[in-house]
1. Across the stretch 121-139, what is the number of residues that are free of Cβ contacts under 8 Å to residues at least 60 places away in the same chain and outside any loop (DSSP other than H, G, I, E, B)?
2. What are the pairs, 6+ residues apart or on separate chains, where a residue within the stretch 432-459 that is under 25 Å from residue 390 (Cα atoms) and of a type outside the set (A, V, I, L, M) has its Cβ under 6 Å from a residue that is at pLDDT below 85 and not in a strand (DSSP E or B)?
3. So is residue 413 assigned to a strand (DSSP E or B), touching a residue at least 40 places away in the same chain (Cβ under 8 Å) and over 21 Å from residue 310 (Cα atoms) or not?
4. Here is a list: 174, 134. Which entry is modelled with pLDDT under 95 and of a type in the set (S, T, N, Q)?
5. Provide a single number: the residues in the stretch 237-275 that are among the polar types (S, T, N, Q), over 26 Å from residue 494 (Cβ atoms) and free of Cβ contacts under 8 Å to residues at least 40 places away in the same chain.
6. Select from the stretch 113-134 the residues that are touching a Lys or Arg at 6+ places or on another chain (Cβ under 7 Å) and among the polar types (S, T, N, Q) and write down the one among them that is surrounded by the fewest Cβ atoms within 10 Å (Cβ to Cβ).
7. When you go through 209, 218 one by one, which is the residue that is among the acidic types (Asp, Glu), within 17 Å of the chain's Cα centre (by Cα) and modelled with pLDDT of 95 or more?
8. Which residue pairs have Cβ atoms closer than 8 Å, lie 6 or more positions apart in sequence or on different chains, and pair a first residue in the stretch 376-394 that is among the charged types (D, E, K, R) with a second residue that is assigned to a loop (DSSP other than H, G, I, E, B)?
Amino acid sequence: MRLWDTGLARIGWLLPVLFALAAPLPALAGPVLHVDSRRGDDRRDGATPATALRTLRALGSRPLAPGTVVLLRAGSRWTEPLRVTRSGTAQHPIVYRPYGRGARPRIDAGGVADAAVTIVNAGHVRVSGLELTNQGASGGGAKRRGVSILAHDIGTLRDIRVDRMFIHDVNGSNDHKDTGGIVFETVGARVPSRFAGLVIERNLIRHVDRSGIVASSDQLNRARWFPSIAVVIRDNYLEDMSGDGITPWATDGALVEHNVVRSAARRAPGYNAGLWQWSTDNTLIQLNDVADTHGTRDGQGYDSDYNSRGTTFLYNYSHGNEGGFMLLCTPVRRDPQENIGNSGTIVRHNISHDDRTRTFALSGADDVLVERNAVYTPAGAEVQLVLATDWDGWSSRAAFVDNLFVSRGRALYGHQVERDIDRGTYVLAPGWGPARDITLSGNRLIGTHVGVAGAPGRLAPLPLPPRDWTPPALRATDATALDAFMARHRAWLLALMRDQFGAEPVLAVPVPFALAATPGRNG
């Protein structure tokens, strides 16, 4: 890929797939099972509300043919997990959803199960509209989850949708990233396994340990590379994660679009960020809003991480993140079978407002293009606006082109000469040090910029139009307000981007490098 590639040409065959995933479900006319925790009876057939089952466990002994609709009574509450193990077909998925009036059906796993809802080796399924908790006596080392989606020695598992869930109070381990709100996991010890067409959409996730939405895989190194394809993470609201917000792993062509992430990295030790990917190809991260990520290890709103190619960040908003806006990283000395590095990241048409500590941190990533972004540093603050750091080596070939950098305090440019490992902060010196081919051209610099060629000290400020930087807010305990909030927030964010960049935002569609699909048992 050329360094100046727009990144928007990676579209084609996946476009109809993504439109199909976004389309409303057709009317369902298959068998129906009702479950009512208050009035049900497992000795009944479940065919009508009057003959509803009582327990989720009873579903395991009932035939769930393709097209079956499992209806969970509003106001019901269970202290047992729901396990989804039967597959539908492309024309006749198996659907789990609420019925009746009242509060969402609620599952309190209570720490006795790994997850409140587990989807294991089941394709062509939908799970929608439930409230989930999984809180044990203490977090400890437990891997607790709200929803666990697992493909285990199954091949390619197709067409899974988890949407409109309210997931909260999951106190999983803070020592493992694959615990928290929603975890999608692939295990292929005997049969390489992955997802094709996994959609995680319109979920409200709050107060979970450790991650909000995260992947896990044993097939993410390049010697055993078998990535999931057509993964869509869209229109989710996440608040108060002890660690990371959203993190896809082992995917090719994932779309992460219009998610709102608030207050990541609240409690977990180690390194965390708001929204990032790892071990991926061609991830498209666009129109997201990440704010108030805590700490400086890493603490950025966004991160392009290692063992990855072709990540694009487009029309995202980052504000008030303690660690800064954007981390671009990989260890430079590495085993290429385990890690191919981090190359070809594009950061375009994003806005960073009041992010602290480090705006752009280059830590080993190569062939980076940072183009036509707008950065507004906090008033009176000293911020390392472009920083090159050492991760077993240094970055090379990074171009910063046609950006707007507004410093309302002091903006520093340079390379690492000291590091505080405990705090994750750096002392810098002017120049790029051992980093190679770091170039800045055509950028507009306003305010005080130190250490960058062509801007010795303070430049004359230019008049800037007033702008509303505060996005719409959601009371994160009210899941019924999510749909209206997401529509209002998307309109606000598109207007912010249009006002900043002077044109209507044009969103993109990702395409994987690997186009061939390997069918699994339910393919």
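The values are calculated or read from the model by the stated rules, or taken from the named source; none is laboratory data. Quantities reported herein were computed from a predicted structural model and do not represent experimental measurements. In this analysis, Cβ positions are derived from the backbone assuming ideal geometry, glycine residues included, and neighbour counts consider all displayed protein chains.
1. 6
2. 449/455
3. It is false that residue 413 is assigned to a strand (DSSP E or B), touching a residue at least 40 places away in the same chain (Cβ under 8 Å) and over 21 Å from residue 310 (Cα atoms).
4. Answer to the check: 174.
5. Selection size over the stretch 237-275: 1.
6. If we take residues in the stretch 113-134 being touching a Lys or Arg at 6+ places or on another chain (Cβ under 7 Å) and among the polar types (S, T, N, Q), then 128 is surrounded by the fewest Cβ atoms within 10 Å (Cβ to Cβ).
7. From the options 209, 218, the qualifying one is 209.
8. Pairs that qualify, where the first residue is among the charged types (D, E, K, R) and the partner is assigned to a loop (DSSP other than H, G, I, E, B), are 390/434; 392/331; 392/332; 392/333; 392/334.
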